[in-house]
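Visitor: Provided herewith is a single structure, encoded as structure tokens, for subsequent inquiry.
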Amino acid sequence: MYTTIGEADQVLLKACQTRRATCCPACAAIYRGDAKALLGAGLEPQPGTPDRGDGDGDVPTVFVTLTAPSFGAVHRAFEPAATCRAAAKAGSCLHGRPRVCNLVHDHDDPKVGAALCVDCYDWEGAVMFNAHLGRLWQRTTIAVIRDLATAAGVPVRKMSASWRLSFAKVVEFQTRGVVHVHALARLDHLDDSPASLDGSDLAAAFAAAAAKVAVPNPLDLHRAIRWGSQSDIQPIPAERRPVAAAYLAKYATKSVDAAGVLDHRLRGIHHLDRLELSEQRRRMVTAAWRLGARPDLRGLNLAAWAHCAGYRGHWLTKSRHWSTTFGELRARRQAWRLERIGVTPDDLNQRTGEWEYKGVGHLNAGDAWLAASAASARHVNRRTAWEES
């Protein structure tokens, strides 16, 4: 038997299951734990995978960080502390703004990530990079296999039959409003051929692929979308892999902005006037909304993803053979909890629930008045926003 009489306001509460820490820290903590388990499971030697030849069944694994290119000068913070842009080209830009910044910014300084000149900054180019990140990563993984085949002197088809690239990646928003990728990549040996590849070979292939892959830019066919020059690709030894999994998991619960203002989709661009956003974020969102109205870019659905500055993908994705799934992890956690209270799956199939109708509405007149006042204020705000737009 269960009743909600002992619950707060006699209401049965259900977890929202969000991943964003700005929306619900409790649910985000559970999601982070699941993400860490999912990422870590892919770092263990896979059952049925032949040894590389060193006898421990280990597989080549690398940690990959790929960033966006520059779309204009922004304020920066360094560790250890250093001047923002003292070595930049002296003078002013075409709009009369200085190209240098002699200040030393802390990492929590609101100016960090903001453009030195909002008119020189390529807002539309930054949105296009966010929108095409998924395709750029896909082409990168394809190029990695081809580069490995070239280095080994074998056809690509033979390389694909002997080796399989598996990965798990997390996308993070930088302070300037563009996304970059943190990923763990693993090279599985599928047959009994000599295992001649190691983590250094995989890292070199990723570096070569990141330097050359490109995606056509719908705004300028002569200026393709590419990765930035700042990348970090390193082989990960077995003892450091749990740390790498935990490092990636913490990014899976982050939001577009630190305050969580852009956690939900926008119904109209006029809503930005009521949001407390930095100028950098506001201009990125505005550029995405403006590009979403163009007929030739309708397939990108940028208006629906304007709150993410054009990024349309998931924050944590993995290849098919990386490890388990979130659904499997949650099912096992539920089974473990039921086992602790003495409930078996057979018991769940045999039990029936009976719910007695007690009424609908609010518990007292005060709650009803508060709800009516909130609904009225929301209606007035919507009407006012519509009239002002």
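Visitor: Excluding residues on the same chain fewer than 8 positions from Lys158, give the aspartates and glutamates whose Cα lies under 15 Å from its Cα.
Guide: Result set, ordered by chain and number: Asp147, Asp188, Asp191, Asp192.
Visitor: Counting other Cβ atoms within 10 Å, keep those with at most 15, restrict to DSSP loop, and tell me which trypsin sites (Lys or Arg not before Pro) in the stretch 63-151 are left.
Guide: In loop regions of the stretch 63-151 (DSSP not H, G, I, E or B), the sparsely surrounded trypsin sites (Lys or Arg not before Pro) are Lys89, Arg99.
Visitor: For the stretch 266-389, report the translational diffusion coefficient in µm²/s to the nearest whole number, using Stokes-Einstein at 37 °C, 0.692 mPa s, and a Kirkwood Rh over Cα pairs.
Guide: Translational D for this selection: 160 µm²/s.
Visitor: With a ≥ b ≥ c taken as the square roots of the eigenvalues of the C-alpha gyration tensor of the stretch 252-326, please select rounded if a/c is under 1.5 and otherwise prolate if a/b is larger than b/c or oblate if it is not?
Guide: Oblate, because a/c is 1.5 or more while a/b does not exceed b/c.
Visitor: Then there is this: From Cα pairs below 8 angstrom and at least 6 apart in sequence, can you work out the relative contact order of the chain, rounded to a whole percent?
Guide: The value is 22 percent.
Visitor: Which ³J(HN,Hα) values, rounded to whole Hz and listed in residue order, are derived for the stretch 58-67 from phi using the Karplus coefficients 6.51, -1.76 and 1.60 in 6.51 cos²θ - 1.76 cosθ + 1.60 with θ = phi - 60°, glycine and proline given as x?
Guide: Taking θ as phi minus 60°, the curve returns 6, 10, x, 9, 10, 9, 10, 10, 10, 10 Hz for the stretch 58-67.
Visitor: What does the accessible area per residue of the chain come to in Å², with a 1.4 Å probe and no ligands, DNA or RNA counted?
Guide: 58 Å²
Visitor: Please report the carbon-and-sulfur percent of the accessible area for the stretch 88-157; probe 1.4 Å, protein heavy atoms only, DNA, RNA and ligands left out.
Guide: 53 percent
Visitor: How big is D, in µm² s⁻¹, for the chain by Stokes-Einstein at 20 °C and 1.002 mPa s if Rh is the Kirkwood radius over C-alpha pairs?
Guide: 87 µm²/s
Visitor: Please find, in a Gaussian network model of the chain (springs between Cα atoms separated by less than 10 Å), the residue of Phe129, Phe78, Phe63 whose mean-square fluctuation is greatest.
Guide: Answer for the Gaussian network model of the chain: Phe78.
Visitor: Any chance you could run the full-extension gain for Cys120 through Asp192? It's 0.36 nm times the residue separation minus the Cα-Cα distance, nm to one decimal.
Guide: Stretched out fully, the Cys120 to Asp192 stretch lengthens by 20.3 nm.
Visitor: Roughly what % of Cα-Cα distances in the stretch 167-308 sit above 18 Å, to the whole percent?
Guide: Considering the stretch 167-308, 69 percent of its Cα-Cα pairs are separated by more than 18 Å.
Visitor: Can you compute 3J(HN,Hα) from phi for each residue in the stretch 160-166, using the Karplus curve 6.51 cos²θ - 1.76 cosθ + 1.60 with θ = phi - 60°, rounded to whole Hz and x for Gly and Pro?
Guide: Result, rounded to whole Hz: 5, 6, 9, 9, 10, 8, 10.
Visitor: If you don't mind, there's one more thing I want to ask. Between their Cα atoms, which of Lys36/Lys111; Lys169/Lys212; Lys36/Lys318; Lys169/Lys250; Lys36/Lys169; Lys36/Lys254 are more than 22 Å away from each other?
Guide: Where the Cα-Cα span goes over 22 Å, the pairs concerned are Lys36/Lys111.
Visitor: For the stretch 148-196 and the stretch 56-128, what is the separation of their Cα centres, given in Å?
Guide: Measuring centre to centre over Cα atoms gives 29 Å.
Visitor: Now for a different question. In deg cm²/dmol and to the nearest 500, what is the mean residue ellipticity at 222 nm of the chain if only DSSP H runs of at least 4 residues count, each as -39500 (n - 2.57), divided by the residue total?
Guide: -11500 deg cm²/dmol
Visitor: Hey, another quick one. Could you check the spin-label model distance between Arg332 and Lys158? Points 7 Å from the Cα along Cα→Cβ, value in nm.
Guide: 3.8 nm
Visitor: Roughly what would the spin-label model give for Arg274 and Thr325, points 7 Å off Cα along C-beta, in nm?
Guide: 3.9 nm
Visitor: Sort 307-314, 30-37 for me by packing, meaning the mean count of neighbouring Cβ atoms within 10 Å per residue, highest on top.
Guide: Per-residue Cβ counts within 10 Å, averaged per peptide and sorted highest first, yield 307-314, 30-37.
Visitor: Label Asn381 and Arg99 with points 7 Å out from Cα along Cα→Cβ: what is the distance between them in nm?
Guide: Result for the modelled spin labels: 4.5 nm.
The values are calculated or read from the model by the stated rules, or taken from the named source; none is laboratory data. Given the structure is predicted, the values throughout are model-derived calculations rather than measurements. Cβ atoms come from the backbone with ideal geometry, glycine included; neighbour counts cover every protein chain shown. In case anyone asks, the SASA skips ligands and DNA or RNA and just uses the protein heavy atoms, side chains included. Shrake-Rupley method; radii C 1.70, N 1.55, O 1.52, S 1.80 Å.
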